[in-house]
Structures are given as C-alpha cells and as structure tokens.
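The values are calculated or read from the model by the stated rules, or taken from the named source; none is laboratory data. Since the structure is predicted, the reported quantities are computational estimates derived from the model, not experimental observations. Cβ placement follows ideal geometry from the backbone for every residue including glycine, while neighbour counts extend to all protein chains displayed. Keep in mind that these areas ignore ligands, DNA and RNA; they rest on the heavy atoms of the full protein, side chains included. Shrake-Rupley method; radii C 1.70, N 1.55, O 1.52, S 1.80 Å.
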Protein chains: 2
Amino acid sequence: MNTDGRETAGTIGATKTSFGIVEHIRDHDASGVSEIANDLGISKSTAHNHLKTLAELGYVVRQGDEYALGLKFLDLGDHARTRHALYHASIGEMDDLVEAVGERGQVMVEENGRGVYIYQVKSEQGLQTDSHIGTTVDLHTTSVGKSYLAFCDEERRNEILDGELTRLTTKTIDDRDALEAELATIRERGYAFNDEERITGMRAVGAPILSDDGTILGSISVSGPTTRMKGEWYHTEVPEMVTQAARVIGIRATYS
Amino acid sequence: MNTDGRETAGTIGATKTSFGIVEHIRDHDASGVSEIANDLGISKSTAHNHLKTLAELGYVVRQGDEYALGLKFLDLGDHARTRHALYHASIGEMDDLVEAVGERGQVMVEENGRGVYIYQVKSEQGLQTDSHIGTTVDLHTTSVGKSYLAFCDEERRNEILDGELTRLTTKTIDDRDALEAELATIRERGYAFNDEERITGMRAVGAPILSDDGTILGSISVSGPTTRMKGEWYHTEVPEMVTQAARVIGIRATYS
DNA sequence: AACGCTCGTTCGGGTTCTCCGAACGAAACG
DNA sequence: CGTTTCGTTCGGAGAACCCGAACGAGCGTT
C-alpha cells in the first residue's frame, strides 16, 4: 500500500484505513462494504473487518444494508471545540450581533493552517450556504481568515502562507505581496472586509479576537449578499458593530 | 492484549487502540504520551506512533507538550447528526418552545440502546447541567427516553431493556414491570413526565416525535428545577406546549 | 420458477506491520 | 550539576492485518 510514493515512517496503516473509511462514509452519507473497498483500494474482507470494529466501538451504525456515522463523533466534536475558550465566550454575544446586523455570523479558529468554523448563527433571512460547523476554509479568502493572519505572529503567518494561494473567484487575493499589503491595512484598521473573494455575490466583515496579552484566539465575522451589504452600512456601521462585539468577546474569553 | 477474556473475532486491534487514545484525550482534555501509555497499558512507543498517525490525519493536534482533540471531529459530528431528519426539523420549533416555557429543551435520538442529545437549547435562566450535545443517557431515566420507549416497536424495546435497569436516584423506575406500566400510561397520554428520576431536583416533560407513518424518529423535552416545574404549569400547561411542538416537528420531519 | 448478478460474510494462510523494550537527547527539577 | 521524566528513535520478533477465494442470501430479469 506504500507504493505510491513517500509516506511518513512510523505511522499506523490500520488507523489510516479506518479513518479513510470514516471519511468515505461522511462524504457519501452512508456506504456499503463493496463500495468502500473499491473506492479505497482495499479488499472487501478488510473493509468488512474495519467496519465491524468501528461498529463495535459505536463510531459507525448499521442503517439498513449500509453504514452511517455514529453519534459518538458528536461527543468528540463537542469536546474538541469546548476546549477553545473562544467558543464559550462568543455564544451569547454572536447571537446579539447577528440579530443587530441581520446577517449570518460565524466564529473561526485556526488549525493546521486552515480556518475552522466552530460556531455559526443563522439570521432571520437565512440563506443557504455551503458552510456549516466544522467547515474548513482557506485563510486568505475570508474576512475571518485575513483577520487572523493580520494579527498572528509573523512566524506562524509565514508557515501558513508559504504554499500556493488558491484562487476561488476573480477577486481572490492570490498574490503574496498584495495579501501582505491587505493584511497591513487590516492590522491598522482593526477589521477586515471580504468583497466576493471566496464566493461571488457574498461580502463579509471580520475582526480578530484578541486575548488581553495580545495573542490571537480566532476571529468572527458577519456575511451576507452584496445586495444588502453595501454603502455606509457595509463600510462603516457593520464594521463598528463587529469590532465592538469582538472586543467584548475578547474580554470574556480571557476571564473564564 | 487479548488476554483479559473473550473478544469479538475479526476486529482490528490497532483501530481500537487509536480510538482508545482519542477517548482518553477526550476524557482528560489533553494528554501526553507517557500518560496515555500508562493508562491504556501500551508501550510508550506504540502510543507515540498512534499519536503521530492521528496528528498527521488531523484528528489530534499538538498543544504545547500535550495532544488535544482536533476539530476534524467537529465536522464528523455535524455530519452524523445532519443525517437525522429530526435535527433539521426541530431547530426553529425547539427555540420557540424553550422561549415559551422558559426552561432548557433538548432533542434526543436513540443509538445502540441509549439516548443521545443531538440538539439543546438553553433557556434565559440558564442553569448548568452535566448534559451537552452528544451526551448519552439511559432511556428509562429520562422523559425523552421513556417517550421513545413507549412508542417504538415492542421488539426493539425488549432488546434495549433486557439488561439491568440502572438506578440513578431514589425515584428511578428500576423495575421492569413498573416501567412497562409507566410506558403504557405514556402511550395512552401522549407525553411523559420525569420527576427526579435521573437527577434529584430536576423535572421534565417529554414527547415522542412520530413520522406520519407512525415510526418514531426521536423525542423532545423541556426540563427545569422542581422549584419552577410544579402545579398546573408542570402537569397541564407545559405538556400541552410540548406535545404541540412535537406534532409540528413530526410534520416538518416527514416533509423534508 | 430458475437463472445470474451483486451483495455481505466467513475462513485460513502468508507476510507485512504492529508492538515492544531499550537506548538516546532534551528539558525541568531540586 | 546530578536526577528524574519527558518525547523520540531504532531494530527485531511475533502477532495480526490484509488478501483471495468460497459461501449464501437477496433481487431483478428472462
């Protein structure tokens, strides 16, 4: 199985296949033994044994003649985000912010160089998007991500940005120098805009969440369609509300 | 490692240890290599290799000199509950119910013979409890669980209840016959009470969520302290609101 | 009704890969 | 500066993982 190139030595293959199966089920909502075996390039019996093990542990459940994800992952996921002080600190305040702005709001933290949404509040005029809890995004394509990049250490920023900057729309900032200039502006101003840089037709305003010692915990944003997010509202009033909320959340996060 | 008795044949040991490590980290918020090796009875190098693998996959992250759960579990957990129609159907309606009653509300589904909370709404007078998203509870000790047991097939009920009925408080119904009588009442009445059967000082009112073909999808409840949950309010008014919400959710769950 | 396809499952053997124990380097402590 | 404990690396023995083939059940088709 390690024929397709270099793999990190000293790692457990069985664990990788188990999680490969789990992710396959996640991406297909539910999967059968043969389907998994084909897609992952393993034998049916191997897939069967892994599924049997995962089912015994409660991480997958039988659903008719297929397997689906078990709710044990819900517990693990909850623990994973509970560990972030930012999660608890932002809950009430984000709801108020969303109600005031009338657009969707989200809370992001960084993990492995990508942004992860750990909390999301839908607005009254709830419009469907692809993002949900646990979604990961490229940091340079979102207002939350740029807020984070602008206020984290330079060392960490270089680690994250050393690769290619993926281009999602025509407005995505995919040039490193242009991005650094944008980040400098954000750093000076205290908040970030996103003008259709990830999804055409969508704008957002984000701000970093800073602990009192200056370290960044994550960031928040509100986002909505360009039809509503425009003019003074978008450029001045919303940023004021977002930065105000960010300040409150930052304070609450440090004293908890 | 299979010296301590009978184990199900044909299962992957490496997967079990990997998830054992994950659960250890969950229960301790963060763990180091040696601590895990000691507690799980494996060698340090084995624990190290598993952690290395899990870190590479993104399911654990380094946090100083310890390992913590990665947010990839948040994504998996979200997918696990998104699969339940009941989750989507209950979101708005539960918030309204909680606002009307003024007590905490929760949505439960059954998995592997236990109840799992997939959604929870905190009330204004938010009081702390041990339950959170992903918590599992004994079905016979909660109003949601009894609602479920009362309306699921008899076959499934026998599978679930064949073991010992754990006793959590002095009021827990731990006798099978008494429980069956209680379930019959619930079935007739359409909703369930919980009078300090799980936690002393806490009462709850629950109702099943039925699809239009009669199959049970899960159940909902509101719960609060005995100081507020009493009299006509507890015995008549709240049950009416809960059953009404359950009906609406049931309808929404079938047409989605 | 019987065929053929595909599914999930079981079984045993070969070989990979997991697991362990010991040794190393680093850091924290007294 | 010694001592302890940490995380990490390394190699070898043995176990267990992975595979392929075979079995049996469930469907849809002819």
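So A:V109 clears everything in (1) assigned to a helix (DSSP H, G or I); (2) facing another protein chain (nearest Cβ under 8 Å); (3) touching a residue at least 24 places away in the same chain (Cβ under 8 Å) except one condition, right? Which one?
(1)
With respect to A:T46, determine if the residue is within 16 Å of DNA strand D (Cβ to nearest atom) and within 11 Å of another protein chain (Cβ to nearest Cβ).
Taking the combined requirement at face value, the residue satisfies it.
Here's the yes/no breakdown for (1) at pLDDT 95 or above; (2) among the polar types (S, T, N, Q); (3) crowded, with 21+ Cβ neighbours inside 10 Å:
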position	(1), (2), (3)
A:L54	yes, no, yes
A:Y59	yes, no, yes
A:G115	yes, no, yes
A:E124	no, no, no
A:T136	yes, yes, no
A:T142	yes, yes, yes
A:E154	no, no, no
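Quick check on my filter: what residues within region A:20-30 are surrounded by 17 or more Cβ atoms within 10 Å (Cβ to Cβ) and more than 16 Å from DNA strand D (Cβ to nearest atom)?
A:I25, A:R26, A:A30
Taking interchain pairs and intrachain pairs at least six residues apart, which have beta carbon atoms under 6 angstrom, with the first residue in region B:171-194 and more than 13 Å from B:S143 (Cβ to Cβ) and the second open to solvent by 50 Å² or more (accessible area, probe 1.4 Å) and not in a helix (DSSP H, G or I)?
B:D174/B:R167
Among the listed residues B:I186, B:I209, B:I216, B:I199, identify the single one that is of a type in the set (A, V, I, L, M) and farther than 17 Å from B:G115 by Cα.
B:I186
Looking at region B:71-91, is at least one residue open to solvent by less than 50 Å² (accessible area, probe 1.4 Å), among the aliphatic types (A, V, I, L, M) and away from every other protein chain (no Cβ under 14 Å)?
yes
From the list A:N2, A:N38, which residue is within 11 Å of DNA strand C (Cβ to nearest atom), open to solvent by 10 Å² or more (accessible area, probe 1.4 Å) and either modelled with pLDDT of 95 or more or part of a helix (DSSP H, G or I) (or both)?
A:N38
So which of B:A55, B:A68 ends up being of a type in the set (G, A, S) and within 16 Å of DNA strand C (Cβ to nearest atom)?
Result: B:A55 is the single residue among B:A55, B:A68 that is of a type in the set (G, A, S) and within 16 Å of DNA strand C (Cβ to nearest atom).
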